[in-house]
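To keep things clear, I will list the structure first and then write my remarks on it.
No value in this document is a laboratory result; all are computed from the given coordinates. Bear in mind that the values here come from a model prediction, so they are computed numbers and not experimental data. So basically every Cβ, Gly included, is an ideal-geometry build from the backbone, and we count neighbours across all protein chains shown.
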DNA sequence: GGTTTACTTGAACGATCGCTCAAGCAATAA
DNA sequence: TTATTGCTTGAGCGATCGTTCAAGTAAACC
């Protein structure tokens, strides 16, 4: 076992995050991991197999960050900081502003079924993470008690998606911060009923 | 001139929208357009050249829809209908829920510079379209006069992006409609100031 | 020491990629 | 009729794709 497993996954994550599933060729992967094709295939069976592990690692990492937010003394302000960190990093980490999962959804039917499943399940996992945050905010009296947590969680996830696309193209950090403020405002205001 | 230009672009749009830039191979394109490679290259120079025209056609079409919304007797309710139509189409047109431009942004650095420029300019065009809608709403007393139109336009575009990703994965139309209602509510409420 | 086991290596396979170009075709001009 | 022009054709180019596999290496167990 010449190569460290976690180290491999992390390097692969960076590559897939930057280039996407299709555009990251096996030869790019071989170079990024400093491994020969045989070694890669012996461990991960296929490019898709490696990608699946990357997605799961990414989701796990994201989920633990969300958990930290939920467990903060002030979940709402921790949420604001979380958004800020994710969306206004330095320029050389600009690729990180895009959510790996959302980027993958754009090429969902080019990715095989195994990784596809991992992506959709990861989306679900993150939604749960957002839900925990909303509930923590309610418990901490930072959000009204009548806040519909399930709906607010999905909404929050959507906001995150929209903001990531925005931040990716936006050069002015203050514009991003303003959008984050709007999210926090809207999170506190009223919610629609089901009626249609 | 055996083939009709608009007809070509429309068929190509469908293909790129469904599959994305990379995944749509030249042989897929040849089949979809019922054209041989030579004919395609004689007209469009390259796959990227064709894609550029597709993007511009898409943006132009979207912009005219947004203009219709802005010119409606009630821009705000027209906006709601616009969102609903874009996000809750029948299942065989599910691919249309994803915004072609956003999908393209996910593979931006795999696309050449010419089409890349077209994509970014199109994003700008659509932002202008959203701005016109917000201003029309204000003029029609459907939104408060102090609404910051520039900010609200960017915000509205973000909402559209987030909702499209949501609608793509969501099977329940009522959940999407609920999110749309939330957008309309938030559009009317307060906006953050610049302070930071 | 010998055998097994787990991992690594890299040349090379068949398939597919975007794209080229000599040749063919039909309509118009001379 | 012949020449020219604009569009179309499709075999096939070189490059790259994901993947395979026989051979090599080194540590572990008997």
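Here the label points at residue B:193 and residue A:6, each 7 Å from Cα along the C-beta direction, are separated by 4.6 nm in the simple model.
Structure remark: mean-square fluctuation, Gaussian network model of chain B, C-alpha springs under 10 Å; the largest value among B:46, B:104, B:62 belongs to B:46. Computed from the C-beta positions of residue B:43 and residue B:128 and an R0 of 25 Å, the FRET efficiency is 0.25 to the nearest 0.05.
Computed over the protein assembly as shown, the range of Cα coordinates on each principal axis works out to 63, 56, 37 Å, biggest value leading.
Using a simple spin-label model with pseudo-atoms 7 Å out from Cα toward Cβ, residue B:81 and residue B:141 lie 2.2 nm apart. Across chain B, C-alpha contacts under 8 Å between residues 6 or more apart give a mean separation that, scaled by the residue count, equals a relative contact order of 24 percent.
Comment: the Cα-to-Cβ extended label point of residue B:93, at 7 Å, lies 4.2 nm from its counterparts in the other copies, nearest first. Inter-copy label distances at residue A:127, using a point 7 Å along Cα-to-Cβ, come to 3.1 nm with the shortest given first. From the square roots a ≥ b ≥ c of the eigenvalues of the alpha-carbon gyration tensor of the range A:46-97, which class results: rounded (a/c under 1.5), prolate (a/b over b/c), or oblate? Verdict is oblate for the range A:46-97. Distances between copies at residue A:113, taken between label points 7 Å from Cα along the C-beta direction, are 4.4 nm in increasing order. Starting from the Cα gyration tensor of the range B:55-187, take the square roots of the eigenvalues, sort them a ≥ b ≥ c, and report rounded, prolate or oblate (rounded when a/c is under 1.5, otherwise prolate if a/b is larger than b/c, else oblate). Verdict is oblate for the range B:55-187.
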